[in-house]
Amino acid sequence: MFLNRELVRWPLLNNRAMRKRAEQHLKDMGVNLPDVRVEVAKLSGGQRQAIAVARSVYSDARVLLLDEPLAAMGAKEGTMILDLIRDLKRRGDVSVIIIAHNYAQVLDVCDRVNLLQHGRITFDKRAQDTSLKELTDLVVAEYRRPR
């Protein structure tokens, strides 16, 4: 969580303080890890993604760009990330932009929906003013259009 922002007690890293702060940040965000000293390779995809989001949030990022944040995740892990995004949205201290192909997830957590086609925004509505069917119909129509 502290890439290029390590806590230093010259000339050494202050590992104890970094572990304690990491545990608190993850706890505040509702991310449960068995231990912050666990190797990243042993964590689930959802846990890794949650750590990446926490790292961004606690680095005072003002905008968080999530590109397919639920790709290759199981239902449990995906739910954890969606809950984390909802919490960030409620807190209001960071703007979240999600790039996704799963419209149901987008409608579930986003305020606005934009559809990009050929490098242009061809659709822009509040999430509450659109539907899964409308979005699907737009994309299907694009694929069916003669080239």
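Filter the stretch 101-138 down to the residues that are basic (Lys, Arg) and surrounded by 10 or more Cβ atoms within 10 Å (Cβ to Cβ), then identify the one that is nearest to LEU84 (Cα to Cα).
The selected residue is ARG112.
Does any residue of the stretch 74-94 turn out to be surrounded by 10 or more Cβ atoms within 10 Å (Cβ to Cβ) and over 22 Å from MET29 (Cα atoms)?
Within the stretch 74-94, none of the residues are surrounded by 10 or more Cβ atoms within 10 Å (Cβ to Cβ) and over 22 Å from MET29 (Cα atoms).
Which of (1) modelled with pLDDT of 80 or more; (2) within 30 Å of ARG16 (Cα to Cα); (3) part of a helix (DSSP H, G or I) is the odd one out, the single condition LEU107 does not satisfy?
The single condition LEU107 does not satisfy is (2).
Give me the residue from the stretch 33-52 that is not in a helix (DSSP H, G or I) and not hydrophobic (A, V, I, L, M, F, W, C) and, out of that set, surrounded by the most Cβ atoms within 10 Å (Cβ to Cβ).
Among those residues, the one meeting the criterion is SER44.
Pull up the stretch 59-104, narrow it to residues that are closer than 23 Å to SER131 by Cα and of a type in the set (Ser, Thr, Tyr), then point me to the one that is modelled with the highest pLDDT.
SER95
So which pairs qualify, if the first residue must be in the stretch 127-142 and in a helix (DSSP H, G or I), the second must be among the polar types (S, T, N, Q) and modelled with pLDDT under 90, the Cβ gap must be under 9 Å, and the two must be at least 6 apart or on different chains?
Matching pairs, first to second residue: LEU138/GLN117; VAL139/GLN117; GLU142/GLN117.
The values are calculated or read from the model by the stated rules, or taken from the named source; none is laboratory data. Fair warning: this is a prediction, and the values are worked out from it, not measured in the lab. Here the Cβ is made from the backbone with ideal geometry for all residues, glycine too, and neighbour counts use every protein chain on show.
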